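Colleague: Here's a structure for you.
The values are calculated or read from the model by the stated rules, or taken from the named source; none is laboratory data. Every value quoted in this text rests on a predicted model; they were computed, and no experiment measured them. So basically every Cβ, Gly included, is an ideal-geometry build from the backbone, and we count neighbours across all protein chains shown. These accessible areas exclude ligands, DNA and RNA; they are computed on the full protein's heavy atoms, side chains included. Shrake-Rupley method; radii C 1.70, N 1.55, O 1.52, S 1.80 Å.
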Amino acid sequence: FHTDGKKKHTVETTKFRKLKERFVEKFGEPPLFYACAPGRVNLIGEHIDYCGYAVLPMAIEQSILAAVSVNDTQSIQLANVNPQYKDFAVSSEELQIDRTNPQWYYYYLCGVRGVKEHLGLAPLAGMKCVVDGTVPPSSGLSSSSALVCCAGLVTLEANNKMLSKVELAEICARCERYIGTEGGGMDQSISFLAEEGTAKLIEFNPLRAVDVKLPDGAVFVIANCCVEMNKAATSHFNIRVVECRLAAKLLAKRRGLDWSCVQRLSEVQAALGASLEEMLTMVQEVLHPEPYSREEVCQTLGVSLEQLRDGVLSANTQHVTHFKLHQRAQHVYSEAARVLRFREVCEAAPDDSIRQLGLLMQQSHTSCRDLYECSCPELDQLVRTCLKAGAVGSRLTGAGWGGCTVSMVPVDKLEAFLQEVRKSYYTSDPRRAALEKHSLFVTKPGGGAALFLEA
């Protein structure tokens, strides 16, 4: 599956055997093809993709898998290998997504509907599909976006259509908003554009991915704090999106720009031709650190409360009365600078590159914790544990408020690191100890989404 078309691999046994057995058991026929979309770990660049800034993730081995057959019934039948996720069936002409009830099958329908609407597919091919996954749910490793991407790829193949990886990534980033999450596109982009052996600097507007060679001598270890966070089920994530949007509008107005069409903090920087350092200075000068009330925002922008609700706030942020604009903008601009610095260090490869990258990761976590307030006590405890155990850098990864940390660990300290983290964070707590087997693992850059034909 390449940018200029599709590369379909023939599948024989390996990871699809169990999936095929479940498919035959469920539907009484063999699947026609399989699709796979990986999860991801973001090394640095948290909560800035939806502000228009570059991020630096890599795909991981854990992925979402789907076995599929195609028919002319114009119905979509979905089943999941995991019994806790119930079956679902729907007409392909009625792809309604309930954003107040973010069930697994609605994420799948996001991908189907996104491709259907982009290509104007009518009628849509009927599908039977069994889904399996090794990305821990609600862990900050992009299980939901991987499911959306897998569904988009399945829909493309089931209807004999072709799109580039970049087009599919952009479609899947947009269509995940059907479930109510106003993300920026990092998760979908790395799921399609990843390549084995390299991390990627992902830039937006236009979307492109650049290889970033990670230093030899260190590995990245993912550790789950065992607090689940479904970003579509709460308003935490979208509140941050709205706060960044408001910060951009207030900065634009104070600098004499047409603020009404400004949506992202990166747009303010581009319009002013300023550096990230200059934007940080501007934040200090223009935005006060005390929370802004809705009334103050309306007065500053010269809009009514109704206009604020209709034009800026999302469906699940209508209740918010105060916004921390100074802190959110300070995080975004400083984190954007850290991403660029991380890439520079990787490219220059100085003798102390591992130390420098670790320091950037620590600064990122501090900013996420203190300025963006997207950490939680368990994540902070796990970061401290990882640093004490020998990591040169450790930070939350993903949306936060739970989920995983990613730590950079020198190769010669890896075994001691794993033992210490197991002992200090997992085995000391019965609930965590039961989850430890799938909660602590070394990762390396994996490949992107792919199609596989039944042998």
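Colleague: Take Leu43 and tell me if it is crowded, with 18+ Cβ neighbours inside 10 Å, closer than 21 Å to Asn238 by Cβ and of a type outside the set (Gly, Ala, Ser). Give the derivation first.
Modeller: On the way: crowded, with 18+ Cβ neighbours inside 10 Å: yes; closer than 21 Å to Asn238 by Cβ: no; of a type outside the set (Gly, Ala, Ser): yes.
Answer is no for this residue.
Colleague: Among the residues of region 419-432, is any touching a strand residue (DSSP E or B) at 6+ places or on another chain (Cβ under 6 Å) and assigned to a loop (DSSP other than H, G, I, E, B)?
Modeller: Checked against the condition, which is being touching a strand residue (DSSP E or B) at 6+ places or on another chain (Cβ under 6 Å) and assigned to a loop (DSSP other than H, G, I, E, B), region 419-432 yields no hits at all.
Colleague: Cβ-Cβ below 7 Å, separation at least six or inter-chain, first residue in region 376-390 and within 12 Å of Val409 (Cβ to Cβ), second surrounded by 18 or more Cβ atoms within 10 Å (Cβ to Cβ) and of a type in the set (S, T, N, Q): which pairs?
Modeller: Short answer, once both residue conditions are applied: Cys386/Ser394; Cys386/Thr405; Cys386/Ser407; Leu387/Ser394.
Colleague: Does Asp352 fit the bill of being among the charged types (D, E, K, R) and within 29 Å of Asp211 (Cα to Cα)? Working first, answer last.
Modeller: Values: among the charged types (D, E, K, R): yes; within 29 Å of Asp211 (Cα to Cα): yes.
Judged against the criteria, Asp352 is a match.
Colleague: Scan region 145-155 and tell me whether some residue there is open to solvent by 20 Å² or more (accessible area, probe 1.4 Å) and either modelled with pLDDT under 90 or not hydrophobic (A, V, I, L, M, F, W, C) (or both).
Modeller: Let us first name the residues in region 145-155 that are open to solvent by 20 Å² or more (accessible area, probe 1.4 Å), namely none.
So far as region 145-155 goes, no, none of its residues is open to solvent by 20 Å² or more (accessible area, probe 1.4 Å) and either modelled with pLDDT under 90 or not hydrophobic (A, V, I, L, M, F, W, C) (or both).
Colleague: Let me ask something else about it. Does Gly140 satisfy the criteria of being in contact with a Leu (Cβ under 8 Å, 6 or more places away or on another chain), modelled with pLDDT under 95 and either crowded, with 22+ Cβ neighbours inside 10 Å or more than 21 Å from Arg264 (Cβ to Cβ) (or both)?
Modeller: Values: in contact with a Leu (Cβ under 8 Å, 6 or more places away or on another chain): yes; modelled with pLDDT under 95: yes; either crowded, with 22+ Cβ neighbours inside 10 Å or more than 21 Å from Arg264 (Cβ to Cβ) (or both): yes.
Taking the combined requirement at face value, the residue satisfies it.
Colleague: Give the residue that is most open to solvent (accessible area, probe 1.4 Å), with candidates limited to residues of region 386-418 that are assigned to a strand (DSSP E or B) and over 23 Å from Glu373 (Cβ atoms). Even if it seems obvious, please write down each step before you answer.
Modeller: Filtering region 386-418 down to residues assigned to a strand (DSSP E or B) leaves 393-397, 404-410.
Checking the rest, the ones that are also over 23 Å from Glu373 (Cβ atoms) come to 408-410.
On the way: Met408: 0, Val409: 0, Pro410: 20 Å².
The extreme case among them is Pro410.
Colleague: Can you confirm whether region 11-33 contains a residue that is surrounded by fewer than 23 Cβ atoms within 10 Å (Cβ to Cβ), modelled with pLDDT of 95 or more and among the β-branched types (Val, Ile, Thr)?
Modeller: Yes, because at least one residue in region 11-33 is surrounded by fewer than 23 Cβ atoms within 10 Å (Cβ to Cβ), modelled with pLDDT of 95 or more and among the β-branched types (Val, Ile, Thr).
Colleague: While we're looking at this one, here's another question. Suppose the filter is of a type in the set (A, V, I, L, M, F, W, C), surrounded by 14 or more Cβ atoms within 10 Å (Cβ to Cβ), touching a His at 6+ places or on another chain (Cβ under 9 Å) and assigned to a helix (DSSP H, G or I); does Val383 pass it? Steps first, answer last, please.
Modeller: Values: of a type in the set (A, V, I, L, M, F, W, C): yes; surrounded by 14 or more Cβ atoms within 10 Å (Cβ to Cβ): yes; touching a His at 6+ places or on another chain (Cβ under 9 Å): yes; assigned to a helix (DSSP H, G or I): yes.
Judged against the criteria, Val383 is a match.
Colleague: Which residue, of Arg113, Arg99, is more than 22 Å from Ala194 (Cβ to Cβ), of a type in the set (Lys, Arg) and surrounded by 20 or more Cβ atoms within 10 Å (Cβ to Cβ)? Before the answer, list the steps.
Modeller: Working: Arg99 fails: surrounded by 20 or more Cβ atoms within 10 Å (Cβ to Cβ).
On inspection, the qualifying residue turns out to be Arg113.
Colleague: A follow-up question, please. When region 299-312 is examined, which residues are found to be under 18 Å from Arg240 (Cα atoms), open to solvent by less than 70 Å² (accessible area, probe 1.4 Å) and part of a helix (DSSP H, G or I)?
Modeller: Keep residues of region 299-312 that are under 18 Å from Arg240 (Cα atoms), which gives 308-312.
Now narrow it down to the ones that are open to solvent by less than 70 Å² (accessible area, probe 1.4 Å): 308, 311-312.
Within region 299-312, Leu308, Gly311 meet the criteria.
Colleague: Taking only region 413-443 into account, find how many residues are under 23 Å from Pro38 (Cβ atoms) and of a type in the set (D, E, K, R).
Modeller: Total meeting the criteria: 2.
Colleague: Here's a follow-up. Considering region 328-344 alone, what residues qualify as being in contact with a helix residue (DSSP H, G or I) (Cβ under 8 Å, 6 or more places away or on another chain) and surrounded by 19 or more Cβ atoms within 10 Å (Cβ to Cβ)?
Modeller: Scanning region 328-344 gives Arg328, Ala329, Gln330, His331, Val332, Tyr333, Ser334, Glu335, Ala336, Arg338, Phe342.
Colleague: While we're looking at this one, here's another question. Report yes if some residue within region 162-173 is open to solvent by 10 Å² or more (accessible area, probe 1.4 Å), touching a residue at least 60 places away in the same chain (Cβ under 8 Å) and either out of contact with any Phe, Trp or Tyr (no Cβ under 8 Å at 6 or more places or on another chain) or within 22 Å of Cys368 (Cα to Cα) (or both); otherwise report no.
Modeller: Taking region 162-173 as the starting set, the residues that turn out to be open to solvent by 10 Å² or more (accessible area, probe 1.4 Å) are 162-167, 170, 173.
Those still in the list that are touching a residue at least 60 places away in the same chain (Cβ under 8 Å) too: 162, 164-166.
From what is left, the residues that are either out of contact with any Phe, Trp or Tyr (no Cβ under 8 Å at 6 or more places or on another chain) or within 22 Å of Cys368 (Cα to Cα) (or both) are 162, 164.
Checked against the condition, which is being open to solvent by 10 Å² or more (accessible area, probe 1.4 Å), touching a residue at least 60 places away in the same chain (Cβ under 8 Å) and either out of contact with any Phe, Trp or Tyr (no Cβ under 8 Å at 6 or more places or on another chain) or within 22 Å of Cys368 (Cα to Cα) (or both), region 162-173 yields at least one hit.
Colleague: Name the pairs whose Cβ atoms lie under 7 Å apart, with the first residue in region 51-63 and touching a residue at least 24 places away in the same chain (Cβ under 8 Å) and surrounded by fewer than 24 Cβ atoms within 10 Å (Cβ to Cβ), the second of a type in the set (S, T, N, Q) and not in a strand (DSSP E or B), and 6 or more positions between them or separate chains?
Modeller: Qualifying pairs under 7 Å: Gly52/Asn205; Gly52/Ser266; Gln62/Thr134.
Colleague: Take Gly358 and decide whether it is out of contact with any Cys (no Cβ under 9 Å at 6 or more places or on another chain), open to solvent by less than 20 Å² (accessible area, probe 1.4 Å) and touching a residue at least 12 places away in the same chain (Cβ under 8 Å). Outline the logic, then answer.
Modeller: Working: out of contact with any Cys (no Cβ under 9 Å at 6 or more places or on another chain): yes; open to solvent by less than 20 Å² (accessible area, probe 1.4 Å): yes; touching a residue at least 12 places away in the same chain (Cβ under 8 Å): yes.
Spelling it out, Gly358 is indeed out of contact with any Cys (no Cβ under 9 Å at 6 or more places or on another chain), open to solvent by less than 20 Å² (accessible area, probe 1.4 Å) and touching a residue at least 12 places away in the same chain (Cβ under 8 Å).
Colleague: Okay, moving on. Kindly indicate whether any position in region 228-244 is at pLDDT 95 or above, in contact with a helix residue (DSSP H, G or I) (Cβ under 7 Å, 6 or more places away or on another chain) and more than 30 Å from Gly311 (Cβ to Cβ). Explain how you work it out, then say what you get.
Modeller: Step one: filter region 228-244 for residues at pLDDT 95 or above, giving 239-244.
From the residues that got through so far, the ones that are in contact with a helix residue (DSSP H, G or I) (Cβ under 7 Å, 6 or more places away or on another chain) too are 239-244.
With more than 30 Å from Gly311 (Cβ to Cβ) added as a condition, the list becomes none.
So far as region 228-244 goes, no, none of its residues is at pLDDT 95 or above, in contact with a helix residue (DSSP H, G or I) (Cβ under 7 Å, 6 or more places away or on another chain) and more than 30 Å from Gly311 (Cβ to Cβ).
Colleague: Suppose the filter is part of a loop (DSSP other than H, G, I, E, B), touching a strand residue (DSSP E or B) at 6+ places or on another chain (Cβ under 9 Å) and under 20 Å from Ser138 (Cα atoms); does Ser375 pass it? I'd like the intermediate steps shown before the answer.
Modeller: Values: part of a loop (DSSP other than H, G, I, E, B): yes; touching a strand residue (DSSP E or B) at 6+ places or on another chain (Cβ under 9 Å): yes; under 20 Å from Ser138 (Cα atoms): yes.
Criteria met by Ser375.
Colleague: Could you please give the count of residues in region 242-280 that are basic (Lys, Arg) and loosely packed, with under 15 Cβ neighbours inside 10 Å? So that I can check it myself, show each step before the final result.
Modeller: First pass over region 242-280, keeping only residues basic (Lys, Arg): 245, 249, 253-255, 264.
Subsequent filtering for residues that are loosely packed, with under 15 Cβ neighbours inside 10 Å retains 255.
Within region 242-280, residues that are basic (Lys, Arg) and loosely packed, with under 15 Cβ neighbours inside 10 Å number 1.
Colleague: Go through the residues of region 438-451 one by one and say whether even a single one is touching a Phe, Trp or Tyr at 6+ places or on another chain (Cβ under 9 Å) and open to solvent by 60 Å² or more (accessible area, probe 1.4 Å).
Modeller: Yes, there is a match, as at least one residue in region 438-451 is touching a Phe, Trp or Tyr at 6+ places or on another chain (Cβ under 9 Å) and open to solvent by 60 Å² or more (accessible area, probe 1.4 Å).
Colleague: Restricting attention to region 282-327, which residues are free of Cβ contacts under 8 Å to residues at least 24 places away in the same chain and in contact with a helix residue (DSSP H, G or I) (Cβ under 7 Å, 6 or more places away or on another chain)?
Modeller: Answer for region 282-327, where residues must be free of Cβ contacts under 8 Å to residues at least 24 places away in the same chain and in contact with a helix residue (DSSP H, G or I) (Cβ under 7 Å, 6 or more places away or on another chain): Cys298, Ser304, Leu305, Leu308, Gln318.
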